[in-house]
Amino acid sequence: GAGVSQSPRYKVAKRGQDVALRCDPISGHVSLFWYQQALGQGPEFLTYFQNEAQLDKSGLPSDRFFAERPEGSVSTLKIQRTQQEDSAVYLCASSPNLRAGELFFGEGSRLTVL
Amino acid sequence: GENVEQHPSTLSVQEGDSAVIKCTYSDSASNYFPWYKQELGKRPQLIIDIRSNVGEKKDQRIAVTLNKTAKHFSLHITETQPEDSAVYFCAATPGISSGTYKYIFGTGTRLKVLA
């Protein structure tokens, strides 16, 4: 594809609902990252994958957050029993290889928990 | 773990003037330092980056300098234009030497270029 694609772009959830956010990285990109960006703040690291392996999930704020990338391409970030503090933009980024380099970000999924 | 501090949080300059944004990092193993520009409602996009074996890098009106000893790096924009108005984020990553490629971002600088 032309770039990193995320869906849905906007999601409104009632407190307690489960949500799933999808990320389609650039084809062939090995690394995939999830970030949480609160309003007016910088992206906060959540987790990253190298192919299908989740190498670092130290940024996931609680066990309500779960990410997977079963076939090393599309990734899903799942948030269970959403809370108001989960409201943020969730950014996905991919990178072509393992050497530190440019991250290609998606447009993000804006989650609002009422 | 790595921590990145960024200053100032907001910066207003007159068109044509220079702008400087500074970041400090805590992990001496960090070896890659990118800068991203994020326009309102848009995705962050890389504008320039530098690796730890280089002290300065320039791309037209944009330059980045790195001081490994002091653990800080700066973004310099010369001859600012209204389209430079955006939020700028610095980041640092320790790379595989620390067992992770996670990128730690600063809190951002909102740059306003006044016409």
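Here's a check for you: in the stretch A:44-81, which residue that is assigned to a loop (DSSP other than H, G, I, E, B) and within 14 Å of chain B (Cβ to nearest Cβ) is surrounded by the fewest Cβ atoms within 10 Å (Cβ to Cβ)? Only one residue tops the list, namely A:S58.
Please determine, by comparing only the residues of the stretch A:82-101 that are surrounded by 21 or more Cβ atoms within 10 Å (Cβ to Cβ) and among the hydroxyl-bearing types (S, T, Y), which one is farthest from the other protein chains (Cβ to nearest Cβ). In this case the residue turns out to be A:T82.
Restricting B:T65, B:T10 to residues that are within 11 Å of chain A (Cβ to nearest Cβ) and surrounded by fewer than 19 Cβ atoms within 10 Å (Cβ to Cβ) narrows the list to B:T10.
Identify, by number, the condition in (1) crowded, with 17+ Cβ neighbours inside 10 Å; (2) within 14 Å of chain A (Cβ to nearest Cβ); (3) under 22 Å from A:F104 (Cβ atoms) that B:D84 doesn't meet. Of the numbered conditions (1) crowded, with 17+ Cβ neighbours inside 10 Å; (2) within 14 Å of chain A (Cβ to nearest Cβ); (3) under 22 Å from A:F104 (Cβ atoms), the odd one out for B:D84 is (2). Being within 11 Å of chain B (Cβ to nearest Cβ) and more than 10 Å from the chain's Cα centre (by Cα) is the requirement here; does A:F33 meet it? Criteria not met by A:F33.
Does B:V113 fit the bill of being touching a residue at least 24 places away in the same chain (Cβ under 8 Å), touching a helix residue (DSSP H, G or I) at 6+ places or on another chain (Cβ under 6 Å) and outside any loop (DSSP other than H, G, I, E, B)? It would help to see each step written out before you state the result.
Values: touching a residue at least 24 places away in the same chain (Cβ under 8 Å): yes; touching a helix residue (DSSP H, G or I) at 6+ places or on another chain (Cβ under 6 Å): yes; outside any loop (DSSP other than H, G, I, E, B): yes.
It is true that B:V113 is touching a residue at least 24 places away in the same chain (Cβ under 8 Å), touching a helix residue (DSSP H, G or I) at 6+ places or on another chain (Cβ under 6 Å) and outside any loop (DSSP other than H, G, I, E, B).
Across the stretch B:97-114, which residue is modelled with the lowest pLDDT among those that are over 12 Å from the mean Cα position of the chain (by Cα) and at the interface with chain A (Cβ under 7 Å from one of its Cβ atoms)? Within the stretch B:97-114, the match that is modelled with the lowest pLDDT is B:T100.
Residues in the stretch B:47-62 that are closer than 16 Å to B:T80 by Cβ and surrounded by 15 or more Cβ atoms within 10 Å (Cβ to Cβ): B:I47, B:I48, B:I62.
Could you please find all residues in the stretch A:89-104 being touching an Asp or Glu at 6+ places or on another chain (Cβ under 8 Å) and either free of Cβ contacts under 8 Å to residues at least 12 places away in the same chain or not in a strand (DSSP E or B) (or both)? I'd like the intermediate steps shown before the answer.
Taking the stretch A:89-104 first, the residues touching an Asp or Glu at 6+ places or on another chain (Cβ under 8 Å) are A:95, A:101-102.
Result: A:G101, A:E102.
Checking each residue in the stretch B:24-46 for being surrounded by fewer than 23 Cβ atoms within 10 Å (Cβ to Cβ), in contact (Cβ under 8 Å) with a residue 60 or more places away in the chain and within 11 Å of chain A (Cβ to nearest Cβ) picks out B:N31, B:Y32, B:Q38.
Each row is one residue, and each column tells you yes or no for (1) in contact (Cβ under 8 Å) with a residue 12 or more places away in the chain; (2) out of contact with any Gly (no Cβ under 8 Å at 6 or more places or on another chain).
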position: A:V19; (1), (2): yes, yes
position: A:S31; (1), (2): yes, yes
position: A:N51; (1), (2): yes, no
position: A:K57; (1), (2): no, yes
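The values are calculated or read from the model by the stated rules, or taken from the named source; none is laboratory data. Note that the structure is a prediction, hence the values are computed from the model and not measured. In this analysis, Cβ positions are derived from the backbone assuming ideal geometry, glycine residues included, and neighbour counts consider all displayed protein chains.
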